[in-house]
1. Quick check for me: using +1 on Lys/Arg Cβ and -1 on Asp/Glu Cβ, what's the dipole size of the stretch 269-337 about its Cα centre, in debye to the nearest 20?
2. Which one, [x] 229; [y] 167; [z] 136, gives volume of the Cα convex hull per residue in Å³ as derived from the coordinates shown?
3. Based solely on C-alpha atoms, express the radius of gyration and the Dmax of the stretch 35-183 in angstrom.
4. Rank-order 357-367, 76-86 by packing density, defined as the average count of other C-beta atoms within 10 Å over each peptide's residues, highest first.
5. Compute the Rg/Rh shape ratio of the stretch 34-113: radius of gyration over Kirkwood radius, all on alpha-carbon atoms.
6. Leaving out ligands, DNA and RNA, what percent of the accessible area of the stretch 222-368 is carbon and sulfur, probe 1.4 Å?
7. Just to be sure I understand: with springs between alpha-carbon atoms less than 10 Å apart, which residue in Ala57, Ala127, Ala237 has the highest mean-square fluctuation in the Gaussian network model of the chain?
8. Post the alpha-carbon centroid distance, the stretch 91-125 to the stretch 163-242, in whole angstrom.
Amino acid sequence: MIRLTVPLVDHRELEEIEAVLKTGFYTQGPKVAEFENQIGALVGAKHAFAMSSCTTALQLALHTLKLQPGDEALVADFTFPATANIVVTEGLKPILVDINLDTFTMDPADLERKITRKSKVIIPVHAFGCSADMNPIMKVAERHSLPVIEDAACALATTYYGKYCGTIGTLGCYSFHPRKAITTGEGGMIVTDRDDLAESISIFRNHGGVKGSFYYHYDEAGFNYRLSDIQGAMGIAQLEKLDWILENKRRLAALLREKIQGIEGVTAPIEPAWGGHVYQSFVVLLDEELDRDAIIRAMRENGVETTLGTYAVHAQPFYMNTYGYKAGDLTNSYTAFKQALTLPLYPQMENDYPDIIASTLKKVINNL
């Protein structure tokens with residue numbers, strides 16, 4: 001079976017973790033601080049805070065803005081539901097925004113249409129390692145004086161006209177889940193250049209506590225969203241491999257794109273005008289007459305693991321039942337939800353795998 005993805009780990013992760021285990025200091029500590037500094041330096045962010053996941057990073061980023069119940073957050077609809085769920089759990093109203101199918105990212109024109117006097121924050125998603133078109137999104141944000149939280153879960157080292165995703169808006173959030181470029185098992189990171197938000201994040205991440213001479217006093221009702229030093233150590237070892245990971249994923253993505261180019265009914269992912277795609281996932285779009293789920297099943301039967309792209313949030317039961325959406329209300333997002341297919345891609349895959357994946361996909365489509 002050619003798996004969808006396989007994390008790249010070796011002796012360096014074991015060495016770093018063993019060193020932490022020998023210290024007896026396992027919770028957030030010096031290794032987390034080192035990891036934060038490295039991520040901040042990589043993307044050029046003034047402040048970086050390691051978190052227990054990208055979901056908690058997004059939730060805390062939103063929490064620090066201190067919005068009011070009923071305020072509206074404009075969220076890209078084609079995303080893992082966590083992006084919208086954090087809006088709901090913060091007591092805000094999610095306003096779901098359609099996407100452009102060529103990049104699977106937020107449509108700035110639909111964003112503009114959905115701005116109201118209750119709009120308080122914009123949350124674009126950099127899908128599958130491809131940046132959203134941030135210039136028009138930021139222009140909308142500036143016109144309406146709205147902060148922007150970038151969901152860069154899939155976009156560590158993705159760039160937009162040379163600028164790192166996660167550092168374009170007010171705050172940015174990364175994921176270190178095993179399907180991402182680098183992993184800490186579970187984990188995330190918030191970056192920002194704003195000192196006031198950084199201070200709030202630091203407090204809220206650690207139960208709302210501020211450390212005095214000998215113990216904490218609690219200025220806020222906060223959370224425990226810390227990353228452990230064990231995970232921080234793993235992140236440091238993973239960062240050593242990042243350049244090699246990105247170089248090989250781009251090379252293999254180019255190979256895979258070339259191999260599937262002639263398959264009828266399959267549209268390969270593009271390299272957008274602004275560049276910087278890191279191919280966290282290789283997601284193709286199938287013509288509407290093709291049954292995506294039947295293809296997933298048949299590919300698995302032929303030894304190749306595939307899956308959907310991600311979700312149209314508006315078509316999930318909670319959002320339909322709670323906010324009155326109907327499946328298909330956001331046309332492009334719903335098309336992507338039904339027709340996007342993620343093919344295997346990981347940096348250490350064999351060089352003949354793209355050919356096997358493409359030939360299997362062509363055979364499965366022809367048979368169906």
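The values are calculated or read from the model by the stated rules, or taken from the named source; none is laboratory data. Nothing here was measured: the structure is a model prediction, and the numbers come from that model. Ideal geometry is used to build each Cβ from the backbone, glycine not excepted, and the neighbour counts take in all protein chains shown. Ligands, DNA and RNA are stripped out before the accessible areas are found, and what is left, the full protein with its side chains, is counted by its heavy atoms. Shrake-Rupley method; radii C 1.70, N 1.55, O 1.52, S 1.80 Å.
1. So the magnitude is around 240 debye.
2. Among [x] 229; [y] 167; [z] 136, the one derived from this structure is [z].
3. Over the stretch 35-183's Cα set, Rg and Dmax evaluate to 14.1, 40 Å.
4. The densest-packed peptide leads the list: 76-86, 357-367.
5. With Rg and the Kirkwood Rh in hand, the quotient comes to 1.03.
6. The computed percentage sits at 46.
7. Most flexible of the set in this elastic network: Ala237.
8. About 25 Å separates the Cα centre of the stretch 91-125 from the one of the stretch 163-242.
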